[in-house]
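The values are calculated or read from the model by the stated rules, or taken from the named source; none is laboratory data. Nothing here was measured: the structure is a model prediction, and the numbers come from that model. Every residue, glycine as well, gets a Cβ built from its backbone with ideal geometry; the counts of neighbours run over all protein chains shown. Surface areas here come from the heavy atoms of the whole protein model, side chains and all, with no ligands, DNA or RNA. Shrake-Rupley method; radii C 1.70, N 1.55, O 1.52, S 1.80 Å.
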Amino acid sequence: MYETHYHRAASVADAAAQMEKAEDGKYLSGGQTLIPTMKQRLAAPSDLIDLRHIADMKGISEEGGAVKIGAATSHNAVATSPVVQRLIPGLAALAGGIGDPAVRHMGTIGGSISNNDPAADYPSALIALGATVTTNQRSLSAEDFFTGMFDTALDEGEIVTSVSFPVPEKSAYSKYPNPASRYAMAGVFVAKGKDGAVKVAVTGAGQNGVFRVEEMESALSSNWSSDAVAGISVSADDLLSDIHGSAEYRANLVTVMAKRAVAAA
Amino acid sequence: MGVQGIGARALRKEDKRFITGKGRYTDDMTLPRMTYAAFVRSPHAHAKVVSIDASAALEMPGVEAVLTGEQLVGDGIGNLICGWMIHSKDGTPMKMGAWRALEPETVRFVGQAVAVVIADTQGQARDAAESVVVEYEELNAVVSTIDALKGGAPQLHPEAPGNLIYDWDIGDEAATNAAFDAASTVVQMDLVNNRLVPNPMEPRAAVADYDEAEEHYTLHTTSQNPHVARLVLSAFYNVAPEHKLRVIAPDVGGGFGSKIFIYPEEIAALWASKRVGRPVKWVSDRTEAFLTDAHGRDHVSHAELALNADNKITGFRVKTVANLGAYMSLFSSSVPTYLYATLLSGQYDIPNIHCNVKAVYTNTTPVDAYRGAGRPEATFLVERMMETAARQVGLSPAEFRRKNFIRSFPHQTPVIMCYDAGDYDATLDAALKAIDYDGFPARKAEAAKRGKLRGLGLSCYIEACGIAPSAAVGSLGAGVGLWESAEVRVNPVGSIEVLTGSHSHGQGHETTFAQLISERFGVDTDSVSIVHGDTDKVQFGMGTYGSRSGAVGMSAIVKALDKVEAKAKKIAAHLMEASEGDIQIEGGELKVAGTDKKLTFTEVALAAYTAHNLPEGMEPGLKEGAFYDPTNFTFPAGTYACEVEVDPETGKTEIINFVAADDFGKIINPMIVEGQVHGGIAQGVGQALLESVSYDETGQLLTASYMDYAMPRADDLPSYTLLTTETICPGNPLGMKGCGEAGAIGSPPAVINAITDAINNNDLAMPATPQRVWLASRAALAQAAE
Ligand SMILES: Cc1cc2nc3c(=O)[nH]c(=O)nc-3n(C[C@H](O)[C@H](O)[C@H](O)COP(=O)(O)OP(=O)(O)OC[C@H]3O[C@@H](n4cnc5c(N)ncnc54)[C@H](O)[C@@H]3O)c2cc1C
């Protein structure tokens, strides 16, 4: 790791101000992506501005038909939250399946979505549930937030402060983990909104990060059952292919995980 | 802890310090004025080093020196050696290319060091290492085992034309060919033994300290065999004569073979310490470990089995290409030859065996011994072939094996080994019973109802441990003898120190060796301490690998104990005015048989040291040493039975039940043995299902971190059923065989045999990743549908 300077921000405004002053600063949340990257000397921020102790950015609450989760809330807090478990059990299960206990106690939802790893779990939930991302500057839909592999709509210095998930009628997540990293090789989040709208979002498999499968969505809209998606496969053309799995294998996993998610919802 | 002799499940004495974080590892050593080393490593798999410009690095804060290969060679530091001479079948010696600790001319694998930066802190050293500008001229690389021998393949070493290190044979080729000519059935397979990274929990490290006034070096390092390290560093690398070099291997966090070898970094650290006049510490990070720790296995083989009309095996023919990587590591040459092909008879009476091995260079990390070393490769071949042959001739795999078991001992195989004792039916019976072999069809049918494919696979392994008789290995090319030494010191107050040349890096010697003393003298294990891992304390030793610490290391202790016991009895007889033959040792006391006369062990020890009243002519003191050289290898053997369920939709394999029935001979501490088997099976299942090294075609290591290299985790493994049977090993005084590697040797074929049974397709490479299993099971379904 290169030498760096650590700052613990007291508030969102303080964090933004610190970032202004830094030569080449980076926000630090759970550090579960950023610190390993720094240890491998692949990142060399001059300053680290720690968001994880900002009280306004932590916590889970039920607000007007939605569940609001502070950006600095740990995966473990989401997984074990009675509110999330009651209202969006699929989301609690997703958080409980991220990494291992140590990762879940440190890693945060804000860090995960800001990083937008194409194999991360959360992006699929945000898309399928139609979540809204709030930053220190604006609010934007999940669809607008995720712009591609490791890419988001965040501007320089912009801070994700919370994510708000409309409570669905039902939802579930099914993940096939990469045998080495345990990130998603294919993770499928299915949700049926209170308005009846169905969304199917896939993570881990796409070359450009999370994507929706509209063919499955329309099939499920008329018939919410595993059988409805069993015959639908996504094209392998835009899927990832690496030493762990070919695009064809991932395409198969997308269908299988979709079936299992529907059955679990 | 009390008196805990042979067979007691004594808790590990060393665990208190390990569990409470009080272990003393090499990285815990901090010396005054210490500097840190960081290596400048090649990003290319094959390239000429055109120039090295250290001027910018030398200007950076804290930098003491930037040292290169040219300086190292100029100072007379010798090339790295391979300590086992193999001759090709045409009689020519193996072709060894020059390997320098820092390479001045041509780098041959990604991660090879070309320079070392010495600085005040680790961070400064690493920062400066990045600022050393090395100009390379890239060369084409050859990466795959098979490509290495192809015409036109890039050449690694001028010494080894065609990248061929040796072309070696064992067994009677003509007789084996004749057996195939007469065969009723021939079974053929192509098999790949995947390349692995050892991944001990503690990465390699070294702290080197040169004392200018004494011209003396001290090296703390992560070694499984500190005396061998000292010998090699002195005799071949010209670092210092042995009496001017102390090597200490303190607590070592796992080795699995990878810490047997002497690597460039230790050599460079010692040399640099003299150059800069300050102690030098180097600690590998995990990426360096992936790139530079010797890898394991990497064989490509074609195997054929000849059967007669009665389904008895009449011949076994094997051709193997073994990838040794870019350089020949310390024992690399012996692994695919004498540690491999000599085990191709398995547990079976096979009259004719012939094996040809071609060892090749490639632009990859050097390959050497890794848990099992050669024997897992042999077992994988033999046991995949046995299962396949049984399926081909329509016999049950258990029955086919039984038909061919060796049942009389000693048994001379056609490939050097002479098995001394064993009962292969006993372990097979035990395993079949424990896994409920007969109930399998019902379980398979029940699984099918749940949409799962269930399979059962066996592996009846044999291995050779307790390496090894020195004269025998010497005649096969070993550069060292493989005996062991021990010294038993009884202190005046009766406590006992045992100095051993074995080295514990997770095996629990401090406990099991103390149990041996407790058994012999009836003393508390707490009054015994085991001293190892320091060339200044222990006279000499060959270290720990090849499951040799019990069969060889403890046998040396037994010999020393015999001498101590004889002297103690003489003293006791003298003091109690009894005849020596009437003295018995029991419960920590020396008694005169048939009387109530007795002395405590402590009283006898004290008498030996006060020396006020010793038998005429006896020297004072109670301390004896011994060397033990085994007469044969030992032959642990057993049956592993694995039952799996495959999810045909994803190809995911779940191990439902795993039974290991092992014959390890005499067992000192069953709990520690179980721990060894647990760890071994975890590594074997890792090889079978998860672990594999991938390089791209340019020689970049794709699996250089845990993000891509799949290590087995607790939830990948079932709760094992472990059983033992016992035939006493006649070759050593305790009747021990060894247990350190069996799990890793026996388990891979059991797992693959189970999966291929489940999916009804025998064509499945290791590791059986979900993708591979999915593809193979779909292929089988497509075939069935035709
Ligand atoms: C061993 C291991 C296993 C893992 N397994 C999984 C898995 O199975 N599935 C999965 O999805 N993830 C996995 N992860 C990643 C984990 O979920 C991380 O927590 C997550 O990717 C990043 O969150 P963090 O809070 O740690 O962010 P950090 O690492 O602190 O930051 C990540 C990036 O986001 C930026 N950032 C952080 N917070 C904000 C914010 N509020 N606003 C703007 N920018 C911000 C940082 O500057 C940085 O660039 C794993 C990680 C590890 C180490």
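I'd like to verify a number: residues in region A:81-106 that are within 16 Å of the ligand (Cβ to nearest atom) and either out of contact with any helix residue (DSSP H, G or I) (no Cβ under 9 Å at 6 or more places or on another chain) or of a type outside the set (A, V, I, L, M) (or both), how many?
9
Do we find that A:GLY130 is near the ligand (Cβ under 8 Å from one of its atoms) and either touching a residue at least 40 places away in the same chain (Cβ under 8 Å) or open to solvent by 20 Å² or more (accessible area, probe 1.4 Å) (or both) in this structure?
Answer is no for this residue.
Would you say A:ARG260 is open to solvent by 10 Å² or more (accessible area, probe 1.4 Å), within 14 Å of chain B (Cβ to nearest Cβ) and part of a helix (DSSP H, G or I)?
Here the answer is yes, as A:ARG260 does meet what is asked.
Tell me which residues, restricted to region A:1-45, are within 19 Å of A:SER74 (Cα to Cα), among the polar types (S, T, N, Q) and open to solvent by 50 Å² or more (accessible area, probe 1.4 Å).
A:GLN32, A:THR33
Any residue in region A:95-107 that is closer than 15 Å to A:PRO36 by Cα sitting within a Cβ distance under 8 Å of a residue that is open to solvent by 60 Å² or more (accessible area, probe 1.4 Å) and within 6 Å of the ligand (Cβ to nearest atom)? List the pairs, counting only those 6 or more apart or interchain.
Matching pairs, first to second residue: A:GLY99/A:GLN32; A:VAL103/A:GLN32; A:MET106/A:GLN32; A:GLY107/A:GLN32.
Can you name every residue in region A:26-51 that is more than 9 Å from the ligand (Cβ to nearest atom) and over 19 Å from A:PRO118 (Cα atoms)?
Listed by number, the residues that qualify are A:MET38, A:LYS39, A:GLN40, A:ARG41, A:ALA44, A:SER46, A:ASP47.
Are any residues in region B:563-588 outside any helix (DSSP H, G or I) and open to solvent by less than 50 Å² (accessible area, probe 1.4 Å), and if so, which ones?
B:MET576, B:ALA578, B:ILE583, B:ILE585, B:GLY588
Does B:SER719 fit the bill of being without any contact (Cβ under 8 Å) to a residue 24 or more places away in the chain, out of contact with any His (no Cβ under 7 Å at 6 or more places or on another chain), more than 12 Å from every other protein chain (Cβ to nearest Cβ) and surrounded by fewer than 22 Cβ atoms within 10 Å (Cβ to Cβ)?
Taking the combined requirement at face value, the residue satisfies it.
So which residues in region B:462-482 are part of a helix (DSSP H, G or I) and among the small types (Gly, Ala, Ser)?
B:SER470, B:ALA471, B:ALA472, B:GLY474, B:SER475
Among the residues that make up region A:232-247, is at least one of them within 14 Å of chain B (Cβ to nearest Cβ), within 16 Å of the ligand (Cβ to nearest atom) and within 30 Å of A:SER61 (Cβ to Cβ)?
Scanning region A:232-247 turns up no residue that is within 14 Å of chain B (Cβ to nearest Cβ), within 16 Å of the ligand (Cβ to nearest atom) and within 30 Å of A:SER61 (Cβ to Cβ).
In region B:596-606, is there at least one residue being in a loop (DSSP other than H, G, I, E, B) and touching a residue at least 12 places away in the same chain (Cβ under 8 Å)?
Scanning region B:596-606 turns up at least one residue that is in a loop (DSSP other than H, G, I, E, B) and touching a residue at least 12 places away in the same chain (Cβ under 8 Å).
Test B:LEU381 against the stated conditions and say whether it is touching a Ser or Thr at 6+ places or on another chain (Cβ under 7 Å), open to solvent by less than 10 Å² (accessible area, probe 1.4 Å) and over 25 Å from B:ASP90 (Cα atoms).
Answer is yes for this residue.
In this structure, is B:SER470 in contact (Cβ under 8 Å) with a residue 24 or more places away in the chain and open to solvent by 10 Å² or more (accessible area, probe 1.4 Å)?
Considered against the rule, which asks whether it is in contact (Cβ under 8 Å) with a residue 24 or more places away in the chain and open to solvent by 10 Å² or more (accessible area, probe 1.4 Å), B:SER470 comes out as yes.
Based on this model, can you work out whether B:ALA113 counts as touching a helix residue (DSSP H, G or I) at 6+ places or on another chain (Cβ under 9 Å) and among the small types (Gly, Ala, Ser)?
Yes; evaluated as a whole, the condition is true for this residue.
Test A:ALA120 against the stated conditions and say whether it is open to solvent by less than 30 Å² (accessible area, probe 1.4 Å), within 15 Å of the ligand (Cβ to nearest atom) and either more than 14 Å from chain B (Cβ to nearest Cβ) or of a type in the set (Val, Ile, Thr) (or both).
Considered against the rule, which asks whether it is open to solvent by less than 30 Å² (accessible area, probe 1.4 Å), within 15 Å of the ligand (Cβ to nearest atom) and either more than 14 Å from chain B (Cβ to nearest Cβ) or of a type in the set (Val, Ile, Thr) (or both), A:ALA120 comes out as no.
Across region B:689-699, which residue is nearest to the other protein chains (Cβ to nearest Cβ) among those that are open to solvent by less than 70 Å² (accessible area, probe 1.4 Å) and farther than 18 Å from B:PRO198 by Cα?
Only one residue tops the list, namely B:ASP696.
Select from region B:756-777 the residues that are crowded, with 22+ Cβ neighbours inside 10 Å and over 20 Å from A:ILE243 (Cβ atoms) and write down the one among them that is nearest to the other protein chains (Cβ to nearest Cβ).
Only one residue fits best here, namely B:SER777.
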